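All remarks here apply to the structure that follows.
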Amino acid sequence: MIAYIRGRITEKEPTYVVLDVGGLGYEVRISLNTFEKLQDNKEEVRLATYLQVKEDAHTLFGFFDILEKKLFLHLIGVNGVGANTAMVMLSSMNVRELKEAIASEDVKTIQKIKGIGAKTAQRIILELKDKLLKEGVDAPASSTGGGTAHQAKEEALIALTTLGIPKATAEKSITNILKKHGSDIGVEEIIKLALKN
C-alpha cells in the first residue's frame with residue numbers, strides 16, 4: 001500500500017495531478033477540495049494516497065489531508081459506492097459538511113450529489129452514521145480557521161490508536177494536552193506528550 005506521495009506538481013487539473021517524484025510522473029486522482037487546496041502550492045506537495053488495484057487498472061487517489069482519505073475509505077466500504085462515486089461526493093461537499101450530513105441523516109443533502117439516489121444515500125447513512133459519530137463529528141468550524149486544531153487532534157488520535165493505545169485513553173490524553181498547551185500545538189508534539197503520559 002502506498003500511504004503517501006511527495007513530489008513536485010508538473011500538471012494539475014480539477015480531477016487529477018501529475019507529481020514528479022525522482023524523475024517519475026505519477027498521475028494521482030484528486031477531489032475538487034484537494035484541487036482547491038493545491039491552488040497556491042508551486043513547491044513540493046505531499047498527498048495521502050490510496051492505491052486501487054483492479055484487473056484492468058491501478059489507480060492512485062490522492063488527498064490533501066488524512067481526514068479526507070479516511071472519509072473516502074469509509075465511503076468505498078459502503079456497498080454500491082465505488083471509488084469514483086466517493087470522489088464525486090468529496091468534490092461536491094467538504095469533509096465536515098459530508099460528515100455532518102451523514103451524522104444528521106440528511107438524505108436530501110446527500111441526494112443532491114450527482115449519481116446518488118435515495119437508496120444509496122440511505123445506505124451510506126445506515127452504514128456510516130455510527131462510525132462517524134464514534135469518531136466525533138464537530139460543529140461547523142468557525143471562519144477563523146479552527147479546522148487545523150481539529151485536524152491535528154484527528155491525526156494524533158489515528159497515530160496513537162495505530163500504536164496500540166486504546167481510543168478512549170488516547171482521546172482523553174489528547175484533550176488534556178490541548179487544554180494544557182493550547183490548540184497551536186503540532187501533531188508530532190501531541191503524540192510525543194501522549195506517549196509520555
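Highest GNM mean-square fluctuation, the chain, Cα pairs closer than 10 Å: which of G23, G82, G115?
G23
Keeping every protein chain in place, order M87, M1 by accessible area at 1.4 Å, biggest value first, i.e. largest first.
Working: M87 5, M1 165 Å².
Output order, biggest surface exposure first: M1, M87.
Could you give each residue of segment 166-175 its phi-based ³J(HN,Hα) in whole Hz, using Karplus coefficients 6.51, -1.76, 1.60 with θ = phi - 60°, and x for Gly or Pro?
x, 4, 4, 5, 5, 4, 4, 4, 5, 4
Quick one: putting +1 on the C-beta of Lys and Arg, -1 on the C-beta of Asp and Glu, what dipole do you get for segment 15-144 around its Cα centre, in Debye to the nearest 20?
Working: 17 positive and 18 negative charges, 91 e Å.
It works out to roughly 440 debye.
Give, as a single signed number, the net charge of other residues whose beta carbon lies under 13 Å from the beta carbon of G25, with Lys and Arg counted +1 and Asp and Glu -1. Provide the component values of the computation, followed by the final result.
On the way: positive: R8, K12; negative: E11, D20, E27.
Cβ neighbours under 13 Å give a net charge of -1.
Ordering H150, H181, H58 by how much accessible area each has at a 1.4 Å probe, largest first, what is the list?
Numbers: H150 40, H181 95, H58 130 Å².
Greatest to least solvent exposure: H58, H181, H150.
Take the solvent-accessible surface of the protein heavy atoms, probe 1.4 Å, and return the percent of it on the chain that carbon and sulfur atoms account for.
On the way: 5680 of 11340 Å².
Summing carbon and sulfur atoms, their accessible area is 50 percent of the total for the chain.
Which ³J(HN,Hα) values, rounded to whole Hz and listed in residue order, are derived for segment 13-21 from phi using the Karplus coefficients 6.51, -1.76 and 1.60 in 6.51 cos²θ - 1.76 cosθ + 1.60 with θ = phi - 60°, glycine and proline given as x?
Along segment 13-21, the couplings run 10, x, 10, 7, 10, 10, 10, 8, 10 Hz.
Under 5 Å between amide hydrogens, which residues at least 5 positions from Y16 or on another chain qualify, with H placed 1.01 Å from N in the peptide plane?
I30
If you put +1 on each Lys and Arg Cβ and -1 on each Asp and Glu Cβ, how big is the dipole of segment 1-89 around its Cα centre, in Debye rounded to 20? Write down the numbers at each step before the final one.
On the way: 10 positive and 12 negative charges, 46 e Å.
For segment 1-89, the charge dipole is close to 220 debye.
Just the accessible area for T162, please: 1.4 Å probe, Å², rounded to the nearest 10?
T162 has an accessible surface of roughly 110 Å² with all protein chains in place.
Would you calculate the separation in nanometres between label points at K196 and D106, each defined as 7 Å from the Cα along the Cα-to-beta-carbon direction?
4.1 nm
Ranked by accessible surface with a 1.4 Å probe, highest first, in what order do F64, F72 come?
On the way: F64 80, F72 0 Å².
From most exposed to least exposed: F64, F72.
Starting from the Cα-Cα distance between A83 and E188, subtract it from 0.36 nm times their residue separation and give me the gain in nm to one decimal.
Details: separation 105, 0.36 × 105 = 37.80 nm, distance 3.05 nm.
The span from A83 to E188 would gain 34.7 nm if fully extended.
With the dipole of the chain worked out from charges on the C-beta (+1 for Lys and Arg, -1 for Asp and Glu) around the Cα centre, which of N79, I2, Y16 lies farthest toward the positive end?
N79
Using Cα springs under 10 Å in a Gaussian network model of the chain, which residue among D65, D106, D56 shows the largest mean-square fluctuation?
Largest GNM mean-square fluctuation: D56.
At a Förster radius of 35 Å, what calculated FRET efficiency corresponds to the Cβ-Cβ distance of L73 and Q122, to the nearest 0.05? Numbers along the way, then the final one.
Details: r = 20 Å, r/R0 = 0.58.
FRET efficiency, L73 to Q122: 0.95.
GluC sites (Glu not before Pro) within segment 1-95: which are DSSP loop residues with at most 10 other Cβ atoms inside 10 Å?
On the way: sites: E11, E27, E36, E43, E44, E55, E68; in loops: E43, E55.
Answer in residue order: E43, E55.
Ignoring the sites themselves, what is the longest stretch of the chain with no trypsin sites (Lys or Arg not before Pro) in a DSSP loop and at most 14 other beta-carbon atoms within 10 Å?
Values: sites that count: K42, K54, K112, K114.
Longest run free of exposed loop sites: 115-197.
Using Stokes-Einstein with the Kirkwood hydrodynamic radius over Cα pairs, what translational diffusion coefficient do you get for segment 1-68 at 4 °C and a viscosity of 1.567 mPa s, in µm²/s rounded to a whole number?
Numbers: Rh = 11.9 Å.
Rounded to a whole number, D works out at 108 µm²/s.
Can you list which of the GluC sites (Glu not before Pro) found in segment 89-126 are DSSP loop residues with at most 16 other C-beta atoms within 10 Å?
On the way: sites: E97, E100, E105; in loops: E105.
Qualifying residues, ordered by number: E105.
Please work out how much length the chain gains when fully extended from L133 to L163, using 0.36 nm per residue of separation minus the C-alpha to C-alpha distance, in nm with one decimal.
Working: separation 30, 0.36 × 30 = 10.80 nm, distance 2.22 nm.
The L133-L163 span can extend by a further 8.6 nm.
Please calculate how many Å² of accessible area the chain carries per residue, with a 1.4 Å probe and no DNA, RNA or ligand atoms counted. Working shown, then result.
Working: 11340 Å² over 197 residues.
Per residue, the chain has an accessible area of 58 Å².
The values are calculated or read from the model by the stated rules, or taken from the named source; none is laboratory data. Here the structure is a predicted model, which is why all the values come from computation and not from measurement. FYI the Cβ positions are ideal-geometry reconstructions off the backbone, even for glycines, and counts take in every protein chain you see. For accessibility, only protein heavy atoms count, side chains too; no ligands or nucleic acids. Shrake-Rupley method; radii C 1.70, N 1.55, O 1.52, S 1.80 Å.
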